[in-house]
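Below you'll find the structure, written out as structure tokens, and then a few comments.
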Amino acid sequence: MTSDAAIPTLPSPPQRLSRPAALAALIAVGALFSTSPALIGLPLLAALILASQLVRWRLPNLPLLIWTLRLGLFLWALLSSGFEGRSLFRWYLKSEYTNLLGMIGAIELTLRCWQPMKKNARGDVMLLSGLVFVAACNTFDAIYMRWLAPAFVIAILMSFRDFRPRVAPVERRWRPRVVRSVFLAAMLGMGVCLIFAVQYFGNLVDKIRIEPILRNPAPSQVGMSAPNLGSSANPRPSPVRILRVEGLAGEAHLRGASFDIYDQGRWGLAIERRRFEPAGAVALNSAGRGARMLITRLVEERTLIFAPLEVAGINPVAGDIPTWDPQSRIVRGANRGVTQYQYEAILATSKEHQGPLCGPLDASVRRQCLDVPTEIDPRVVELARQITKGLNSPRDKALALEQFLQANIRYSLEVRPGNGDRVSDFVLNRRPAHCQYFASALVIMLRAVGVPARIVTGYYAHESAGDKTVIVRQRDAHAWTEAWIDGTGWVSLDATPGSGRPDRAYESVSSARKFWEWLTDTWAKVADWLGGLGVRDVLLALAGVAAVAIAGQWLRLMLKRRRREKQRKRDSAYPEGELGALAERFERLLREAGAPLDPALTWREQAARSNTIDAPRARAFLLAYDQARFGPADGDLSPVRQALSQLQPTSTPK
Amino acid sequence: MRGPSVLDANSIPSAAVSAFARMEEVGVKLAGVIRGKTEGIRLLLTALLAGGHVLLEDVPGTGKTTLAKSLARCIDGIFRRVQFTPDLLPADITGSSFYNPRDGHFEFREGPVFANILLADEINRTSPRTQSALLEVMSENQVTIEGKRRDLPQPFLVIATQNPVEFHGTYPLPEAQLDRFSVRIALGYPDHASEVEVLFDQRDHHPFEALAPVITCPDVLALQARVRMVKVDRAVAEYIVKLVETTRSDTRLRLGISPRGSLALYRLSQAWACLDGREFVTPDDVRTLAVPVLAHRLVLDTKARYGGVRNENVVEEALKAVPVPR
């Protein structure tokens, strides 16, 4: 009658990013962080972006302040990235500097989120998050980008909704209870499916959980592969932890496998001469009384057992019997699937003790370990003899050769081999190379002077982690030499300068990684304390608690809504009796016509927002109804009834 | 503006029906003078029928004076206009006694308040003393000078104007006095088509000059009495009170709406329904009038005012919060 059409007011521009745009920004920043955890400020920026969604306060619109902030943060990003001045002109070629660009983009993105929204701010924010994501994409080996990229694209697509012209707010349409229940049930079903998926694909889920955080996952079975000369060592090897050794005070060579046949730059086992002896637990679990080292294997899918040469016995904590091959001296632990496998290495009481890993040197092995391959340049043999000239004992010869290599050839991860045989080239041309070259050269030279020798691969344990505990990472993989000294037995020799410790070559472990490792250790301790509960059990328990909580919350919401509905009925003063019934019928009609059922709107206003209701008839009904409801009472409801019955059949959508 | 009438001859005496019809004609005539402002005109007529007073707040040149003059002519009433200036004294508006040397007596000369329609132009330009004299007259409908009570002509409608853009040298009306105005109307600029019409309307003479009385003052008084008889259902009255109570508990306000405000909303809703040809008030009437009747009575606290909250927003939010009686 008087206010048939409510005048729509244009909403004021939003003060914060829309949810999808903020999600896209978060994914971009997260992707950048997972590619480059060295940019340690990124989690803070992500937290700030998230906080801008929750907090109403915005930076005051002072250009001076904002520019000061911007420049300060950019400078901080530049300085903290270790930007090298001399590579200034070729920075775009290096992936770590692309990350720096991404970092600057992320800073700008965060600043934008905290400024009051300007006219084109939403487009700018989308562009910036796209740039950050592109910067994050420079590392293609990051497997989790497979998940992050689609998520980012979906978020960006969703945020295109922001560009719709702003219109007067449309009242939220009432969603029928059935639809909501179905939705809720579907969500619960998905949750249950997720739990079962976690149960059945536990390993996979663990991997997904870890990989976004841990860069460069360790290639499996590195300790097993035979040294192959010729390749440069990976300049950024994985810092994934492999072992934790407790009870080891100093440094140690933990051997995994040994190889004695050299052929064209490759080391290998002489397969045809392998002898498998059924020597199992008895030989390994000797009840030696020496010091005990508790070694914890921290990665899965690795059955190799690493132990020092002088080990007297190996005793798995879980009680299983390790298999071992006395010929190759490879000891294998329990099968995969165990996250943390622990075994005790019982050290011999004296240095002279030759444990089962040393093995006897019979004639055939001696022959094999003295073989100088024909491709070796004779000058290498000549050089070895020259160095050991005048020395009689094999022990002195071995030490002299070791010292010669340590002193005369430089260590380098990068190898540029020359022509001909690798080892000969390495020795004769003093070519800088990595541990495998040093070890190979020492083996060949020892053999040349009549000392049986073989190459060993394993880990060089040196990173102290508290009292008598050493952490072994994948990048501590090492190769060295074992020589047979008559009268003493096998001894370890390491010709690599500085024992091959790659401290200077590798950056130290980031604090983020250390924190992550601390978290996993704590988790393992908690799981241990809980009585060996697996991740799955805990997840199941959590899921159960969550299900109960969700059900409780749902019940509470239902009750609350019922209460509110009753309250609404009371508050909105519905008439009694037949008029009340007519009112309910009309309200149902409005609902079917898609009108917003807001108790604070009059029916006229509600009907005006429905475009399917028959407007003139609805007006006629409302006139009659108002007359009966608010007018002087005469008790005659027939006009209302009549108007309603005329309204009903034509309420189908036009 | 108007929906179909549901009146029938039995419910309202025919004399009243014809009086309302003439009131409607007043509206039509006024709309012919002040183009494109039907809403404002209707509010003005509502205030007249409810016996209230009007605060016209707008920039100069939007037809405030013409509207007041035209209304006075339409109801055949006395129109007076006072331009409020800083040196205006209370006696200048109420009137004072003069010594008549011829017969040696004091003779009372009526001030401009002795009118049916009083246009108090730029009321915020005068001193608070003069303002309160006028506001007292507005609430009492009488003037007491030198101990003698003098009744004002009835109906008595004050249309006070306030210029919202200038603040230098003004005395903004205190909240207590704003409360005495039933309704605040902002005319605003006419829309494009209306403004073109205004230009052509005044080609040879001002349309105001062609106005003839449509209704008499006694008729208006009768209508005012009739308005008081319009039925307000208890649910609607409770709705009014709930709206008012909502503003009282609003933390952004220093002062909510007084019972005088709810009374005004009640009375104006009756008049509005009457102009609509109904003899009962619906919640729609209350909702339509809530902003013009209530908004100017609110006092925002400083923080909310500088935070960009407007009085109108507070009332609109109250309207969105309080359930409407069905």
Considering only residues that are farther than 17 Å from residue B:214 by Cα, free of Cβ contacts under 8 Å to residues at least 40 places away in the same chain and either among the β-branched types (Val, Ile, Thr) or outside any helix (DSSP H, G or I) (or both), which ones fall in segment B:23-66? B:38, B:61
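Return yes when residue B:64 is out of contact with any helix residue (DSSP H, G or I) (no Cβ under 7 Å at 6 or more places or on another chain), closer than 22 Å to residue B:124 by Cβ and surrounded by 20 or more Cβ atoms within 10 Å (Cβ to Cβ) and no when it is not.
In short, yes.
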Can you name the residue in segment A:97-127 that is without any contact (Cβ under 8 Å) to a residue 24 or more places away in the chain and within 15 Å of residue A:52 (Cα to Cα) and is also surrounded by the most Cβ atoms within 10 Å (Cβ to Cβ) among such residues? A:112
Determine whether residue A:600 is more than 12 Å from every other protein chain (Cβ to nearest Cβ), surrounded by 13 or more Cβ atoms within 10 Å (Cβ to Cβ), among the small types (Gly, Ala, Ser) and out of contact with any strand residue (DSSP E or B) (no Cβ under 7 Å at 6 or more places or on another chain). no
Among (1) touching an Asp or Glu at 6+ places or on another chain (Cβ under 6 Å); (2) under 20 Å from residue B:41 (Cα atoms), residue B:142 falls short only on (2)
Can you find a residue that is over 60 Å from the mean Cα position of the chain (by Cα), assigned to a helix (DSSP H, G or I) and closer than 24 Å to residue B:239 by Cβ anywhere in segment A:597-607? no
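Yes or no, residue by residue, for (1) surrounded by fewer than 18 Cβ atoms within 10 Å (Cβ to Cβ); (2) within 11 Å of another protein chain (Cβ to nearest Cβ); (3) within 25 Å of residue B:264 (Cα to Cα); (4) modelled with pLDDT of 80 or more:
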{"position": "B:9", "(1), (2), (3), (4)": "yes, no, no, no"}
{"position": "B:14", "(1), (2), (3), (4)": "yes, no, no, no"}
{"position": "B:20", "(1), (2), (3), (4)": "no, no, yes, no"}
{"position": "B:39", "(1), (2), (3), (4)": "yes, yes, yes, yes"}
{"position": "B:44", "(1), (2), (3), (4)": "no, no, yes, yes"}
{"position": "B:48", "(1), (2), (3), (4)": "no, no, yes, yes"}
Does segment B:92-107 contain any residue that is basic (Lys, Arg), without any contact (Cβ under 8 Å) to a residue 40 or more places away in the chain and in a loop (DSSP other than H, G, I, E, B)? yes
For residue B:291: the one exception among (1) at pLDDT 85 or above; (2) within 17 Å of residue A:630 (Cα to Cα); (3) within 14 Å of chain A (Cβ to nearest Cβ); (4) out of contact with any Lys or Arg (no Cβ under 7 Å at 6 or more places or on another chain): (2)
Among the residues of segment B:259-288, the number that are more than 11 Å from chain A (Cβ to nearest Cβ) and in contact with an Asp or Glu (Cβ under 6 Å, 6 or more places away or on another chain) is 1
Go over the candidates B:309, B:241 one by one and state the one that is among the aliphatic types (A, V, I, L, M), part of a loop (DSSP other than H, G, I, E, B) and within 14 Å of chain A (Cβ to nearest Cβ). B:309
For residue B:221: the one exception among (1) in a strand (DSSP E or B); (2) under 17 Å from the mean Cα position of the chain (by Cα); (3) loosely packed, with under 15 Cβ neighbours inside 10 Å: (1)
Condition (residue is closer than 24 Å to residue B:34 by Cβ, surrounded by fewer than 20 Cβ atoms within 10 Å (Cβ to Cβ) and touching a residue at least 60 places away in the same chain (Cβ under 8 Å)) applied to segment B:274-282: is it met by at least one residue? yes
Within segment B:183-231, track down each residue that is β-branched (Val, Ile, Thr) and without any contact (Cβ under 8 Å) to a residue 60 or more places away in the chain. B:196, B:230
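How many residues are in a helix (DSSP H, G or I) and at pLDDT below 80 if we restrict to segment A:140-178?
Summing the residues that are in a helix (DSSP H, G or I) and at pLDDT below 80 in segment A:140-178 gives 8.
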Top-ranked residue in segment B:312-326 [being among the aliphatic types (A, V, I, L, M) and more than 10 Å from chain A (Cβ to nearest Cβ); ranked as nearest to residue A:627 (Cα to Cα)]: B:315
Does residue A:632 satisfy being touching a strand residue (DSSP E or B) at 6+ places or on another chain (Cβ under 6 Å) and closer than 21 Å to residue B:281 by Cα? yes
Tally, over segment A:574-597, of residues that are within 13 Å of chain B (Cβ to nearest Cβ), touching a residue at least 40 places away in the same chain (Cβ under 8 Å) and not charged (D, E, K, R): 7
Just to be sure, is residue B:234 free of Cβ contacts under 8 Å to residues at least 40 places away in the same chain, exposed (fewer than 13 other Cβ atoms within 10 Å of the Cβ) and within 14 Å of chain A (Cβ to nearest Cβ)? yes
If you take the residues of segment B:244-258 that are of a type in the set (Val, Ile, Thr) and more than 12 Å from chain A (Cβ to nearest Cβ), which of them is surrounded by the most Cβ atoms within 10 Å (Cβ to Cβ)? B:257
Tell me whether segment A:622-637 contains one or more residues that are out of contact with any Phe, Trp or Tyr (no Cβ under 8 Å at 6 or more places or on another chain), within 14 Å of chain B (Cβ to nearest Cβ) and within 27 Å of residue A:180 (Cα to Cα). no
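The values are calculated or read from the model by the stated rules, or taken from the named source; none is laboratory data. Just so you know, these numbers come straight off a predicted model, no measurement behind them. Reconstructed Cβ throughout: ideal geometry from the backbone, glycine too, with neighbour counts over all protein chains shown.
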